[in-house]
């Protein structure tokens, strides 16, 4: 069983994401404004979300964090980071409630996850991507030290949508 980690930043506590978080996670996973940029389709029922959260708890190489705002204890987003054994890069992603966009939380959390991987596992190579229309996410990646390296393809898990993605990498 993998060790459970917690990371504290200026405004956030990053802790393991669990099934008990389902009601908070529902707030952004069921919001079309958020889901349009994510690999998952907009959730319309909680049961598939519960199944996903159960699977997250069992993952060995990927660290899924809940982003808890310290000022009020609200779970406002989540993110993950983990190694890709084929490429040697550590991939990361994040996802926030719509009302928390544009406040610097994604950058703060992403930097904390990168620092966690560097400090805990000695990781130095990082990669992330976003769908092309989500340029704000690209700015987060650049603030974390990654640089645009090219275009790829993004497809929803249910196959409902394909879009061009923007790929970022960095040695940090």
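For region 58-172, what does the alpha-carbon gyration tensor say about shape, rounded, prolate or oblate, given a ≥ b ≥ c as the root eigenvalues, a/c under 1.5 as rounded, and a/b over b/c as prolate?
rounded
Would you mind computing, in nm to one decimal, how far apart the modelled labels at residue 149 and residue 85 are, each placed 7 Å from Cα along Cα→Cβ?
Inter-label distance under the simple model: 2.0 nm.
Between residue 62 and residue 10, what length in nm is gained on full extension when 0.36 nm per residue of separation is reduced by their alpha carbon distance?
Length gained between residue 62 and residue 10: 16.3 nm.
Can you tell me the length gained on complete extension of the stretch residue 33 to residue 121, counting 0.36 nm per residue apart and subtracting the Cα distance?
28.2 nm
On the Cα set of region 7-123, report Rg and Dmax in Å, please.
13.8, 40
What is the calculated FRET efficiency for residue 72 to residue 40, with r their C-beta to C-beta distance and R₀ = 22 Å, to the nearest 0.05?
0.25
Once both labels are modelled 7 Å past Cα along the beta-carbon direction, what's the residue 160-residue 19 spacing in nm?
Roughly 2.5 nm, to one decimal.
We did not get these values from a lab; they are worked out from the coordinates using the rules stated. Please read these numbers as outputs of a predicted model, since none were measured by experiment. Every residue, glycine as well, gets a Cβ built from its backbone with ideal geometry; the counts of neighbours run over all protein chains shown.
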